[in-house]
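Worksheet for the structure shown next.
Nothing in this text is a laboratory measurement; each read-out follows from the coordinates by a stated rule. Keep in mind that what you see is a predicted model, and the values were worked out from it rather than measured. So basically every Cβ, Gly included, is an ideal-geometry build from the backbone, and we count neighbours across all protein chains shown.
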Amino acid sequence: MKIKQLELDETNNYLKITDLENWFETFEDKRNNTVFDLNRTIYINVDPSKLPDFECSSEMHWPLISYKIYGTTRLAWLLWKLNKVDASTIF
């Protein structure tokens, strides 16, 4: 399911973006914005053989790969977690 397919409005009472604050640790950045600390609160344990393969047709950054797969750049963090990417292997 793509993010744009979710019905995140007043008519949908079971899922709201504000509910994410209950699932993830948050902290304030230097600009006093509240941000989610996904690296400390999400652990994904998936058998790699169950994940589909995606072959890049050219050199791509993670946000573009996320857009090609999910239709949004906002899930690049999920790809990082699934592929066990860290600061030393991000590029």
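Points to keep in mind about this one:
- With 0.36 nm allotted per residue and the present C-alpha distance subtracted, the Phe27-Glu59 stretch has 8.2 nm of extension available.
- From phi via Karplus (6.51, -1.76, 1.60), per-residue ³J(HN,Hα) for segment 46-61 in Hz, x at Gly/Pro: 10, 5, x, 6, 8, 8, x, 8, 10, 9, 6, 7, 7, 5, 9, 8
- For segment 47-91, the spread of Cα positions along the three principal axes, ordered from largest to smallest, is 25, 23, 20 Å.
- Here the simple spin-label model places points 7 Å from the Cα toward Cβ, and for Asn45 and Asp86 these points are separated by 1.9 nm.
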